[in-house]
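Here the structure is laid out as structure tokens; the discussion comes afterwards.
Coordinate-derived values only; no laboratory data. Just so it is clear, the structure is predicted and the values come from calculations on it, not from any experiment. Glycine gets a Cβ as well: all are built from the backbone with ideal geometry, and neighbour counts include every protein chain shown.
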Ligand SMILES: [Zn+2]
């Protein structure tokens, strides 16, 4: 299992417990996932983070592609309730600039990291730099969550390729 890092302090996270998490797909079918919760090993932090699969948005019941489909007006079936769709649009309107801001600053850090690494001839940049226009809603969410920039009072992390960013941060220390 890949090591995960605390979005708040970048310390290592250890398995803590497991919780049920409900999720609905594009057909409105609900399934119950068992989600790991991880605890920060830093004694001054000790935060607990829920480990979400890439297709979930923290505290949203529907899979991220369902939400994205509603936001882009391409949703076919779920969710049936207009109130839910309206809530997502309002949510996205509120959070969009923040998500893009996080992506922009992460992009800047990656470019700076690549520049520093490339300045040293023996080390090659270990990853390519993502283009901002290529970010999907899922990726924007993961970036914000995994860098500790998710706007919420509770904590979560999303596992996936972008956790590379945390490793890069840790290596820089
Ligand atoms: Zn921590």
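Look at 17, 25, 44 and count the other Cβ atoms within 10 Å of each Cβ; fewest to most, that gives 44, 17, 25. Classify segment 1-121 as rounded, prolate or oblate, taking a ≥ b ≥ c as the square roots of the eigenvalues of its Cα gyration tensor: rounded when a/c is under 1.5, otherwise prolate if a/b is larger than b/c and oblate if not. Oblate shape, in that a/c is at least 1.5 and b/c is the bigger or equal ratio.
Projecting label points 7 angstrom from Cα along Cα→Cβ for residue 98 and residue 19 puts them 1.8 nm apart.
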